[in-house]
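The values are calculated or read from the model by the stated rules, or taken from the named source; none is laboratory data. All figures in this text were calculated on a predicted structure; none of them were measured in a lab. Ideal geometry is used to build each Cβ from the backbone, glycine not excepted, and the neighbour counts take in all protein chains shown. Heads up: the accessible areas ignore ligands, DNA and RNA and are worked out on the full protein's heavy atoms, side chains in. Shrake-Rupley method; radii C 1.70, N 1.55, O 1.52, S 1.80 Å.
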Amino acid sequence: MSASSRTPLLKRIAERVVGPDFAKVIWKRIEIIGDVAIIRKSFDVPTEVYKSIGEEILREIPYVKSVWLAASPVQGFERVREYIHLAGERKSETIYREHGCMFKVDFTKVYISPVLGFDHIRIARIARNGEKILNMFAGFGPYSIIVSKYAKPVYVVSIDLNEFAVHYARINIEINRVEAYNDIIHGDALTITSSLNEKFDRILLPYPDAFKDAFKVALDAVKIGGYLHPHLFVEAPNKREALHKAYETVSTYAQSLGAVVEPLGGHVIRGVAPRKYHVTVDVVVKSKTKNVL
Ligand SMILES: C[S@@+](CC[C@H](N)C(=O)[O-])C[C@H]1O[C@@H](n2cnc3c(N)ncnc32)[C@H](O)[C@@H]1O
């Protein structure tokens, strides 16, 4: 492999199109969602610079029809970014494929991150046939749909506060033909969960910003012997320590709520800042006081 072919594609394109100075400071990753390419804006590089990079991406990656610049961090409870159209068709709705499932999404309206793909299938493989599953922060439906395909649950209840996420989750449940055992609720999982009056075998909590509030609610709604999959942020010097600290944090927090949980597994989803990680852990609920809430 030559030195140049080892250089990330985006950097090679930037060196060619806008010169080495800009190439040095741009983000190196191109995120592909269906037939759309997304690149992230570096704070100190003007938007105009990215326009010609966008045109070049269209030429270099033939199946890409549209290129967008992610111009802000994820924000709001919906966890979406601000986007600027750079090149190609001006469309933000696309078909994203993951683990044999198809998802229609508009990435400007709903949270989407291919980095979660590994966790989607990991959960689907852990889940057992015949479970009642709750997904408190379902987004456009990837956990719920992939687990439905792989694990044959009795049913999956998905909740999301973002109306667009609910809109796409409904479409995706039909596209993937799992509507017979999937229910979607638009609203606040922190209040809706307890009003369901149901005890679940497994609850997914894929929203690290809401870890504490969501965990408390989920602990109340899970069966003894059931499983919780909280996501949380932890500060640690490295990934191994981060996972260890996440186990500790979840166990200690459960204890403070009168419950005993046993860690089973988990993994670091990504680094979000120096010494800060987004982690998910799997725990089984061994005991809890009657009312956690
Ligand atoms: C990190 S995203 C979920 C990602 C999704 N599960 C996936 O795998 O792509 C967090 C989601 O939680 C939703 N959300 C935020 N606060 C909420 C709440 N209180 N109740 C229900 N959903 C909420 C957001 O709209 C967003 O879709």
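Selection of first residues in the stretch 78-102 that are farther than 14 Å from residue 120 by Cα and in a loop (DSSP other than H, G, I, E, B) and of second residues that are acidic (Asp, Glu) and away from the ligand (no atom under 16 Å from the Cβ), restricted to Cβ pairs under 9 Å at least 6 apart or on distinct chains, gives the following pairs, ordered by first then second residue: 89/35; 91/35.
In the stretch 156-178, the residue that is most open to solvent (accessible area, probe 1.4 Å) out of those that are free of Cβ contacts under 8 Å to residues at least 40 places away in the same chain and in a loop (DSSP other than H, G, I, E, B) is 177. When the stretch 179-192 is filtered for residues that are buried (at least 19 other Cβ atoms within 10 Å of the Cβ) and near the ligand (Cβ under 8 Å from one of its atoms), only 189 remains. Restricting the first member to the stretch 111-133 and to residues that are more than 22 Å from residue 154 (Cβ to Cβ), and the second to residues that are at pLDDT below 95 and within 9 Å of the ligand (Cβ to nearest atom), the beta-carbon pairs closer than 7 Å and six or more apart or on different chains are 111/74; 111/78; 111/79; 111/80. Restricting attention to the stretch 143-155 and to residues that are aromatic (Phe, Trp, Tyr) and under 24 Å from residue 194 (Cβ atoms), the residue that is least open to solvent (accessible area, probe 1.4 Å) turns out to be 143.
Restricting the stretch 124-142 to residues that are within 12 Å of the ligand (Cβ to nearest atom) and closer than 14 Å to residue 218 by Cβ, which is most open to solvent (accessible area, probe 1.4 Å)? The extreme case among them is 137. Among the residues of this structure, residue 124 counts as one that is of a type in the set (A, V, I, L, M, F, W, C) and out of contact with any strand residue (DSSP E or B) (no Cβ under 9 Å at 6 or more places or on another chain).
Within the stretch 125-142, can you find the residues that are part of a loop (DSSP other than H, G, I, E, B) and aliphatic (A, V, I, L, M)? Passing the criteria: 127, 136, 138.
For the residues 66, 52, the requirement of being within 27 Å of residue 143 (Cβ to Cβ) and either aromatic (Phe, Trp, Tyr) or more than 16 Å from the ligand (Cβ to nearest atom) (or both) singles out 66. Test residue 34 against the stated conditions and say whether it is out of contact with any Asp or Glu (no Cβ under 8 Å at 6 or more places or on another chain) and closer than 30 Å to residue 100 by Cα. Criteria met by residue 34. Evaluated against (1) out of contact with any Leu (no Cβ under 9 Å at 6 or more places or on another chain); (2) within 25 Å of residue 284 (Cβ to Cβ); (3) without any contact (Cβ under 8 Å) to a residue 24 or more places away in the chain, residue 181 falls short on exactly one condition, (3).
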